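S.K.: Structure below; questions to follow.
The values are calculated or read from the model by the stated rules, or taken from the named source; none is laboratory data. Since the model is a prediction, treat every value here as computed from it, not as a measurement. Neighbour counts run over all protein chains shown; Cβ positions are idealised from the backbone, glycine included. Protein only, heavy atoms only, side chains kept; ligands, DNA and RNA dropped before computing areas. Shrake-Rupley method; radii C 1.70, N 1.55, O 1.52, S 1.80 Å.
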Amino acid sequence: MVYDYRIWVRKEMFEELVEVERLRASLLESQHGQEWKSGREREELTSQDVLSHIEKVILEIIDSLSKGNPPVLLLQNRSTWVNIRFHNTVGLHMSSQSTVSVVRSDCSSSVSRFASTLKVLSVIYKLVQSNSYATKRDIYYSDTQLFTSQRTVDSVVDDISCMLKVPRRSLHVLATSKGLISGDLCYQEEDGTKVNCSSNTFRFFLAISSSLTFLDIVSSAKFILIVEKDATFQRLLDDEFGTSLSPCIMITGKGVPDINSRLMVRKLWDTLQIPVFALVDADPHGIEIMCIYKYGSMSMSFDAQNLTVPSVKWLGLLPTDIDRLRVPKDALVPFTKKDESKLGSLRKRPYTAVQPQWEREMELLQAGKRKAEIQCLTSIAPHFLTRVYLPNKLRYGGWI
């Protein structure tokens, strides 16, 4: 009788990932009794709710004009840590008592911002009312002279989402995705499009959809792996990591993740309730990217409950792995002043206090003043990452 060696190896691997199953059981148990609602429990805003919020803003402007006063817009300040609070089960979120910026219609320094905000509000109102969608790029080209740059539209859309206290997906404004996804996952988009992220081709992957609604998610994945870099993601596909070890879903935001990548990770966690691991470089930039997935960012803290996944575990590359694996010193990169500044900033952030193991890893990184990219593991052996490092990490619980 001839045995399919690959099937035998895969079966054995399935049986050995007991630590991943234990982590899942622990995460599910910790979900009970939490004060923050999961994605399935959060109340969804209706289109009429969004329209009512916009109408309220416009009525306040009309009221100011009727009284002979120049109208103003009050926007919560999204660029200061003073307005940010931290909760271990939701991450960085905006304080209910946050300071605001006043955008005046009678001031030369802010009148353009005022006009841009009203223009985008008008576009959003029509989109929601007609149940249609537009990209931020579409909005920019609707009046390039007013907006002057795409960045203006991007910022205004987020300001409006924050001001109205409406998740960005409810504004009917889409953003082009840059992230990629591959693995054991099928789902349906709001327009009925069926998406299959797996294929008989081992290197198969898809761009993460800009659709803001994912329905009928089906997967037998045992875990989700967030990969910092596209190059590493492609290497995992080349080495058939997603099909030889265990059913899994791999996602990369190609560096700092966009909103769509973060929404996808959060949606998968809410639906599948399986462990989420991060594979990032052992450097301040990689750590910060992992923190964005896990605890969120200052600028998008107003929508934290839709974007953060506090259960994310740091799988690698850990600074302690560098010495433990005896990575050659010539494969390491010296710290720059920017690296030192970034690491110092990370160590002062509120979530570091609840992650003592992370703090120790960052202390080691700071003491050595050298960083390591995931690719440095090839200096040990060409396929060390996928055949030794990751399987052992998952098999024996080598995450923090």
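S.K.: With the requirement that a residue be under 30 Å from Ser161 (Cβ atoms) and either open to solvent by 40 Å² or more (accessible area, probe 1.4 Å) or touching a Lys or Arg at 6+ places or on another chain (Cβ under 7 Å) (or both), what does segment 305-328 give you? Spell out the reasoning first.
M.R.: Of the residues in segment 305-328, the ones under 30 Å from Ser161 (Cβ atoms) are 305-314.
Passing the criteria: Gln305, Asn306, Leu307, Thr308, Val309, Pro310, Val312, Lys313.
S.K.: For segment 142-199: of the residues being closer than 17 Å to Ala115 by Cα and charged (D, E, K, R), which is surrounded by the fewest Cβ atoms within 10 Å (Cβ to Cβ)?
M.R.: Arg151
S.K.: A further question on this structure: Taking the conditions exactly as written (open to solvent by 10 Å² or more (accessible area, probe 1.4 Å) and in a helix (DSSP H, G or I)), does Ala353 satisfy them or not?
M.R.: Values: open to solvent by 10 Å² or more (accessible area, probe 1.4 Å): yes; in a helix (DSSP H, G or I): yes.
Against the criterion (open to solvent by 10 Å² or more (accessible area, probe 1.4 Å) and in a helix (DSSP H, G or I)), Ala353 qualifies.
S.K.: Ok, one more. Which count do you get for residues in segment 284-304 that are surrounded by fewer than 19 Cβ atoms within 10 Å (Cβ to Cβ) and modelled with pLDDT under 95?
M.R.: 2
S.K.: If Gly33 passes every condition in (1) closer than 18 Å to Met163 by Cα; (2) over 24 Å from the mean Cα position of the chain (by Cα); (3) modelled with pLDDT under 95 but one, which one does it miss?
M.R.: (1)
S.K.: Okay, next question. For segment 125-141, give me the residue count where each residue is surrounded by 14 or more Cβ atoms within 10 Å (Cβ to Cβ) and either assigned to a loop (DSSP other than H, G, I, E, B) or at pLDDT below 90 (or both).
M.R.: So the count comes out to 1.
S.K.: Next question. So how many residues does segment 245-266 have that are in contact with a helix residue (DSSP H, G or I) (Cβ under 9 Å, 6 or more places away or on another chain), part of a helix (DSSP H, G or I) and within 21 Å of Arg24 (Cα to Cα)? Break it down into steps so the answer makes sense when it comes.
M.R.: Quick first cut of segment 245-266, residues in contact with a helix residue (DSSP H, G or I) (Cβ under 9 Å, 6 or more places away or on another chain) only: 245-257, 259, 261-263, 265-266.
Okay, now just the ones that are also part of a helix (DSSP H, G or I), so 259, 261-263, 265-266.
Next, from what is left, pick out any that are within 21 Å of Arg24 (Cα to Cα): 262-263, 265-266.
So the count comes out to 4.
S.K.: Now, a different point. Whether any residue in segment 285-297 is at positive phi, out of contact with any Cys (no Cβ under 8 Å at 6 or more places or on another chain) and not aliphatic (A, V, I, L, M) is what I want to check. I'd like the intermediate steps shown before the answer.
M.R.: Narrowing segment 285-297 to residues at positive phi: 296.
Within this subset, residues satisfying the condition of being out of contact with any Cys (no Cβ under 8 Å at 6 or more places or on another chain) are 296.
Now drop any that are not not aliphatic (A, V, I, L, M), which leaves 296.
Yes: segment 285-297 contains one or more residues that are at positive phi, out of contact with any Cys (no Cβ under 8 Å at 6 or more places or on another chain) and not aliphatic (A, V, I, L, M).
S.K.: Tell me, which residue of segment 88-124 that is buried (at least 18 other Cβ atoms within 10 Å of the Cβ) and of a type outside the set (A, V, I, L, M, F, W, C) is nearest to Leu27 (Cα to Cα)?
M.R.: Of everything passing the filter in segment 88-124, Gly91 is nearest to Leu27 (Cα to Cα).
S.K.: Separate question: What are the pairs with Cβ atoms under 7 angstrom where one residue, in segment 98-121, is closer than 22 Å to Asn83 by Cβ and in contact (Cβ under 8 Å) with a residue 12 or more places away in the chain and the other, located anywhere, is open to solvent by 40 Å² or more (accessible area, probe 1.4 Å) and basic (Lys, Arg)? Sequence gap at least six, or different chains.
M.R.: Final answer for the pair search is Val103/Arg113; Phe114/Arg104.
S.K.: Please work out if Lys338 is in contact with an Asp or Glu (Cβ under 7 Å, 6 or more places away or on another chain), assigned to a helix (DSSP H, G or I) and open to solvent by 30 Å² or more (accessible area, probe 1.4 Å).
M.R.: Numbers: in contact with an Asp or Glu (Cβ under 7 Å, 6 or more places away or on another chain): no; assigned to a helix (DSSP H, G or I): yes; open to solvent by 30 Å² or more (accessible area, probe 1.4 Å): yes.
Judged against the criteria, Lys338 is not a match.
S.K.: Would you please list the contacts, defined by Cβ atoms under 7 Å and residues six or more apart or on different chains, that run from a residue in segment 301-317 that is within 18 Å of Glu361 (Cα to Cα) to a residue that is open to solvent by less than 10 Å² (accessible area, probe 1.4 Å) and of a type in the set (Asp, Glu)?
M.R.: That search, which allows pairs on different chains as well, returns Leu317/Asp281.
S.K.: Further, regarding this structure: Taking the criterion of being in contact with a strand residue (DSSP E or B) (Cβ under 6 Å, 6 or more places away or on another chain) and either open to solvent by less than 20 Å² (accessible area, probe 1.4 Å) or modelled with pLDDT of 95 or more (or both), would at least one residue in segment 343-350 satisfy it? Give the derivation first.
M.R.: If we filter segment 343-350 for residues that are in contact with a strand residue (DSSP E or B) (Cβ under 6 Å, 6 or more places away or on another chain), which is where we start, we get 350.
When the remaining residues are screened for being either open to solvent by less than 20 Å² (accessible area, probe 1.4 Å) or modelled with pLDDT of 95 or more (or both), the result is none.
No, the conditions are met nowhere in segment 343-350.
S.K.: When you scan segment 257-267, how many residues do you find that are buried (at least 24 other Cβ atoms within 10 Å of the Cβ) and in contact with a Leu (Cβ under 8 Å, 6 or more places away or on another chain)?
M.R.: Going through segment 257-267 one residue at a time, the tally reaches 2.
S.K.: Now, a different point. Quick check on segment 207-226. Is at least one of its residues farther than 21 Å from Thr386 by Cβ and open to solvent by less than 10 Å² (accessible area, probe 1.4 Å)?
M.R.: Checked against the condition, which is being farther than 21 Å from Thr386 by Cβ and open to solvent by less than 10 Å² (accessible area, probe 1.4 Å), segment 207-226 yields at least one hit.
S.K.: Could you tell me which residue of segment 47-98 is modelled with the lowest pLDDT, considering only residues that are among the charged types (D, E, K, R) and in a loop (DSSP other than H, G, I, E, B)? Write out each step before concluding.
M.R.: Residues of segment 47-98 among the charged types (D, E, K, R): 49, 55-56, 60, 63, 67, 78, 85.
Within this subset, residues satisfying the condition of being in a loop (DSSP other than H, G, I, E, B) are 67, 78.
Working: Lys67: 93, Arg78: 90.
Residue satisfying both the conditions and the ranking: Arg78.
S.K.: For segment 277-322, give me the residue count where each residue is aromatic (Phe, Trp, Tyr) and either assigned to a strand (DSSP E or B) or over 10 Å from the mean Cα position of the chain (by Cα) (or both).
M.R.: Step one: of segment 277-322, the residues aromatic (Phe, Trp, Tyr) are 277, 293, 295, 302, 314.
Adding the requirement that they be either assigned to a strand (DSSP E or B) or over 10 Å from the mean Cα position of the chain (by Cα) (or both) leaves 277, 302, 314.
Matching residues across segment 277-322 total 3.
S.K.: Right, here's the next one. Mind listing just one residue for me: the one in segment 270-283 that is open to solvent by 10 Å² or more (accessible area, probe 1.4 Å) and either without any contact (Cβ under 8 Å) to a residue 60 or more places away in the chain or in contact with a helix residue (DSSP H, G or I) (Cβ under 8 Å, 6 or more places away or on another chain) (or both) and, of those, farthest from Leu164 (Cα to Cα)?
M.R.: Top of the filtered list is Asp283.
S.K.: If you go through segment 73-86, how many residues are surrounded by 17 or more Cβ atoms within 10 Å (Cβ to Cβ), under 22 Å from Val166 (Cβ atoms) and of a type outside the set (Lys, Arg)?
M.R.: So the answer is 5.
S.K.: If Arg370 satisfies all but one of (1) among the charged types (D, E, K, R); (2) touching a residue at least 60 places away in the same chain (Cβ under 8 Å); (3) under 12 Å from Ile322 (Cα atoms); (4) open to solvent by 70 Å² or more (accessible area, probe 1.4 Å), what's the number of the condition it fails?
M.R.: It is condition (2) that Arg370 fails.
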